[in-house]
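Trainee: Got a structure for you, written out below as structure tokens; questions coming shortly.
Any read-out appearing in this document is the output of simple, stated calculations on the displayed coordinates, not a laboratory observation. These numbers come from a predicted model, not from an experiment. Cβ: placed from backbone, ideal geometry, glycine included. Neighbour counts: every protein chain shown.
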Amino acid sequence: MNSAHRRLEIVNAAFDCIAKTGHLSTSTTELAYKVGISQPAIFRHFRSKQQLHQAILDEANQRVIEELKQNIGNSESWNNPLVLLRQIIIQMGRSFEREPGVWLTLICQRSIAAEAEITEQRAGISGNKDAIAQLGFALERLGNAAIDNKQVKMNIRSADLSKTCLSVLFGMGQLWLNSDCDFDLCERLDFSIRGIVAGYLATAESERDIPMSAIA
């Protein structure tokens with residue numbers, strides 16, 4: 001097996017452990033056991049635990065950024081930004097269901113970087129390598145587009161809408177994990193985002209009312 005494939009196996013094993021424990025405190029011995037290699041073999045692929053943590057952070061951010069690009073790539077969807085915003089959150093929820101370890105890594109990435117003594121800049125927790133920042137920026141752009149289309153109240157701040165949606169996504173995802181995944185995460189997210197968007201819909205007579213069917 002080539003080194004790149006083995007490195008990815010080790011990183012995926014780390015995501016599995018994070019999903020089960022909620023944090024990255026898994027020993028390299030446990031990772032090696034999950035992959036089916038010896039503990040010293042871990043360090044044939046990663047020079048140090050710091051490099052391993054860096055690889056985990058890089059992979060988590062890259063996966064979510066690629067998924068986000070796929071969801072916002074259709075320019076026609078921008079004709080109704082509120083619909084696209086809802087669709088993105090639901091798709092991110094599906095991603096959370098598929099790879100909870102990846103999302104927990106993103107939620108906890110600053111503490112993971114601090115534990116491994118990796119600077120935020122080096123860890124990619126800023127700029128275009130930060131998946132959460134990119135997701136927040138995309139939602140904010142959609143909020144601005146909704147304001148321009150007079151779909152939402154003119155006095156709202158798109159940054160507030162973005163932060164609220166992100167908080168719901170992260171909070172609901174963690175609740176789903178903590179309850180042993182005993183409810184439909186995407187269904188709950190859909191219901192929550194509908195309610196949030198409804199609270200932002202334009203209501204003034206000078207603004208165009210958008211019925212709930214517009215975000216269905």
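Trainee: Calculate one ³J(HN,Hα) per residue across region 158-175 by plugging θ = phi - 60° into the Karplus curve 6.51 cos²θ - 1.76 cosθ + 1.60, and present them in order as whole Hz with x for glycine and proline.
Mentor: 4, 5, 5, 4, 4, 5, 5, 5, 5, 4, 5, 4, 5, x, 5, x, 5, 4
Trainee: A follow-up question, please. So, R0 is 22 Å and r is the distance between the beta-carbons of residue 33 and residue 184; what FRET efficiency does that work out to, to 0.05?
Mentor: After rounding, the FRET efficiency stands at 0.10.
Trainee: Residue 175 versus residue 51, label points 7 Å from Cα toward the beta carbon: distance in nm?
Mentor: According to this spin-label approximation, the distance is 4.3 nm.
Trainee: Would you mind calculating the gained length between residue 156 and residue 191 on full extension (0.36 nm times residue separation, minus the Cα-Cα distance), in nm to one decimal?
Mentor: Length gained between residue 156 and residue 191: 10.5 nm.
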